[in-house]
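After the structure tokens below, expect a handful of questions from me.
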Amino acid sequence: PVTISFWSRTHIVIFEESNMSVSYIVKAELREDQGKGASRRLRRLENKVPAILYGTKTKKPVSLSLKSNEIKKSLENQAFYSHILTIEFDGKEEKAILKDLQRHPSTGDVMHADFLRVSMNKVIHVNVPLHFINEEECVGVKMGGGKVSHQIVEAEVICLPGDLPEFIEIDMLEVELDTIIHLSDIKLPKGVTIAALQHGADHDLPVCSVHKPKGSDDTEESEVAPAAEGDAE
């Protein structure tokens with residue numbers, strides 16, 4: 001299985017077909033120079049980011065370079081975080097995902113990218129973002145005076161690359177006050193399962209909840225208490 005901790009897209013070319021499917025193509029160049037010194041020169045002199053493509057026993061790792069400004073632009077779109085990449089280099093194409101992304105600790109600039117090959121007939125483990133809808137119209141908020149709190153904003157899923165969702169939607173419309181939504185409550189697309197639930201009920205983590213803000217009950221009690229003392233006198 002493949003586990004993804006970070007997602008990104010670099011040099012994306014989008015082709016929209018009649019069925020609205022989207023392909024993401026990463027254009028890369030082969031990189032011959034190795035080592036930290038060569039990587040620093042690549043970033044400083046050519047404004048490019050060193051990268052590596054690896055995975056599978058039958059293919060060797062390949063050193064690549066990517067344009068720095070295109071990585072930065074691609075990261076601005078969350079949709080790029082949940083798609084399979086087609087990496088083009090040296091007249092070849094390979095399916096891959098972004099396994100890891102290293103950033104500069106102070107500037108946040110991308111320093112290195114690791115791409116992991118995927119096979120379309122083998123399952124992968126991917127962190128997919130959660131989208132919460134109808135929060136303002138939520139029953140527990142409008143009728144109960146509650147507030148929606150998010151415990152997690154992404155979930156690790158297991159699926160074939162072709163079934164990988166861009167995001168998972170959670171509808172809050174009918175969620176009542178003092179309700180906690182767990183991983184097992186999420187409605188999943190066909191062919192997708194949540195990794196944590198395979199480890200038992202103890203891993204059925206809370207995703208979000210609707211409760212009254214802290215202090216709201218205490219405030220109400222403090223307003224009622226003086227009147228009760230006055231009546232007693």
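The values are calculated or read from the model by the stated rules, or taken from the named source; none is laboratory data. Just so we're clear, the structure is a prediction, and the values are computed from it rather than from any experiment. Every residue, glycine as well, gets a Cβ built from its backbone with ideal geometry; the counts of neighbours run over all protein chains shown. Accessible surface is based on the protein model in full, side chains and every heavy atom, while ligands, DNA and RNA are left aside. Shrake-Rupley method; radii C 1.70, N 1.55, O 1.52, S 1.80 Å.
Kindly indicate whether any position in the stretch 70-89 is farther than 30 Å from ALA196 by Cα, in a strand (DSSP E or B), touching a residue at least 60 places away in the same chain (Cβ under 8 Å) and among the aromatic types (Phe, Trp, Tyr).
yes
Let me ask another. Which of the residues spanning the stretch 44-67 are among the aliphatic types (A, V, I, L, M) and open to solvent by 20 Å² or more (accessible area, probe 1.4 Å)? Explain how you work it out, then say what you get.
Let us first name the residues in the stretch 44-67 that are among the aliphatic types (A, V, I, L, M), namely 45, 49, 51-53, 62, 64, 66.
Matches in the stretch 44-67: LEU45, ILE52, VAL62.
Could you list, in sequence order, all residues of the stretch 165-188 that are modelled with pLDDT of 95 or more, open to solvent by less than 70 Å² (accessible area, probe 1.4 Å) and closer than 15 Å to LEU130 by Cβ?
Hits for the stretch 165-188 are ILE168, ILE170, MET172, VAL175, ILE181, HIS182, LEU183, SER184, ILE186, LEU188.
Moving on to the next point. Of all residues in the stretch 111-131, how many are more than 20 Å from PRO61 (Cα to Cα) and either of a type in the set (Gly, Ala, Ser) or crowded, with 16+ Cβ neighbours inside 10 Å (or both)? I'd like the intermediate steps shown before the answer.
First pass over the stretch 111-131, keeping only residues more than 20 Å from PRO61 (Cα to Cα): 121, 123, 125-131.
Then keep just the ones that are either of a type in the set (Gly, Ala, Ser) or crowded, with 16+ Cβ neighbours inside 10 Å (or both); that gives 123, 126-130.
Number of matching residues: 6.
Still on this structure: Within the stretch 135-164, which residues are open to solvent by 60 Å² or more (accessible area, probe 1.4 Å), touching a residue at least 24 places away in the same chain (Cβ under 8 Å) and in a loop (DSSP other than H, G, I, E, B)?
GLU137, MET143, GLN151, VAL153, LEU160, listed by residue number.
From the residues in the stretch 82-110 that are over 25 Å from VAL157 (Cα atoms) and β-branched (Val, Ile, Thr), which one is surrounded by the fewest Cβ atoms within 10 Å (Cβ to Cβ)?
Among them, the one singled out is THR107.
Would you be able to tell me the number of residues in the stretch 12-41 that are under 16 Å from LYS72 (Cα atoms) and either open to solvent by 30 Å² or more (accessible area, probe 1.4 Å) or modelled with pLDDT under 90 (or both)?
Step one: of the stretch 12-41, the residues under 16 Å from LYS72 (Cα atoms) are 12-13, 24-28.
Applying the additional criterion that residues be either open to solvent by 30 Å² or more (accessible area, probe 1.4 Å) or modelled with pLDDT under 90 (or both) yields 12-13, 24-27.
Looking only at that region, the number is 6.
What are the residues in the stretch 61-97 that are modelled with pLDDT under 85 and in contact with a Ser or Thr (Cβ under 6 Å, 6 or more places away or on another chain), if any?
GLU70, ILE71, SER74, LEU75, PHE80 - these are the residues of the stretch 61-97 that are modelled with pLDDT under 85 and in contact with a Ser or Thr (Cβ under 6 Å, 6 or more places away or on another chain).
Checking ASP100 against (1) within 14 Å of the chain's Cα centre (by Cα); (2) over 24 Å from ILE71 (Cα atoms); (3) modelled with pLDDT under 95: exactly one of these is not met. Which one?
ASP100 satisfies all of (1) within 14 Å of the chain's Cα centre (by Cα); (2) over 24 Å from ILE71 (Cα atoms); (3) modelled with pLDDT under 95 except (2).
Turning to a different aspect of this structure: Scan GLU46, GLU135, GLU88 and give me the residue that is acidic (Asp, Glu) and under 30 Å from ILE180 (Cβ atoms).
Numbers: GLU46 fails: under 30 Å from ILE180 (Cβ atoms); GLU88 fails: under 30 Å from ILE180 (Cβ atoms).
After ruling out the rest, the residue left standing is GLU135.
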